[in-house]
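Working notes for the structure below.
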Amino acid sequence: MIGMLISQKIVPSLYKQIGSEFQAFVLYLAIGSYFEIEALPELSAFFFKQADEERQHALKFIKFLIDNDIPVSIPAIGAVDSSFKDPESAISLSLEREIAVTKEIHDLVRLAKEEKDFTSDNFLQWFVKEQLEEVTVMDQLLKMIRRTGKDQIMLVEDYLARKNRLREKISEAESSMENPND
Ligand SMILES: [Fe+2]
Ligand SMILES: [Fe+2]
């Protein structure tokens, strides 16, 4: 069943999206490296984690193609380096990237609907939700950086550290609920 369920018109755009997710992956690796060099470990960890999520997004597209018996094609990824003017410009670039990716996902959904390709449409809905979350997270981070300014960036580090601790506690509680005998 070579790609029977998927509109052939959407396939090139799915390939392009794999490239876009990998491009975000390398961008966030570069930003994570920048923050590590700047001795801002929480911001660095945040971006390395974001990078890993982008890698998984790319893999989701690859797996979707494989599941539908469609050969996979991965576009070239542009070079990125880790020199940024300041933390604010690194984060504002990330927000721009997330907004651009959201537009790409919305265009894919529009195409899937036009083509009555309900399989792709359904697959893409996960990304619609995910992009809302990613844009919101980057937007909040940018607002915070702008409010604290360069001199008080440690407040942002502190905030991220607390947030990570809280997230760890929640997932510990969740796993002890799932495995009450552990
Ligand atoms: Fe993504
Ligand atoms: Fe993203």
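We did not get these values from a lab; they are worked out from the coordinates using the rules stated. What you see is a predicted model, and the numbers here were worked out from it, not measured in a lab. Every residue, glycine as well, gets a Cβ built from its backbone with ideal geometry; the counts of neighbours run over all protein chains shown.
Against the chain, whose longest principal axis is taken from its Cα atoms, helix 87-114 shows a tilt of about 20°.
Considering only Cα-Cα distances, which of the following residue pairs are longer than 23 Å: LYS103/LYS150; LYS9/LYS60; LYS9/LYS103; LYS16/LYS116; LYS113/LYS143; LYS16/LYS63? The pairs that break the limit, which is 23 Å between Cα atoms, are LYS103/LYS150; LYS113/LYS143.
Quick check on the exposure proxy: order PHE118, PHE123 from fewest to most C-beta atoms within 10 angstrom.
Values: PHE118 13, PHE123 21.
If I rank by nearby Cβ atoms, fewest first, I get PHE118, PHE123.
Within the shell of other residues whose beta carbon sits under 11 angstrom from the beta carbon of GLU174, the net charge comes to -1, with Lys and Arg scored +1 and Asp and Glu -1. Hull volume per residue, based on the alpha-carbon atoms of the chain and their convex hull, is 136 Å³.
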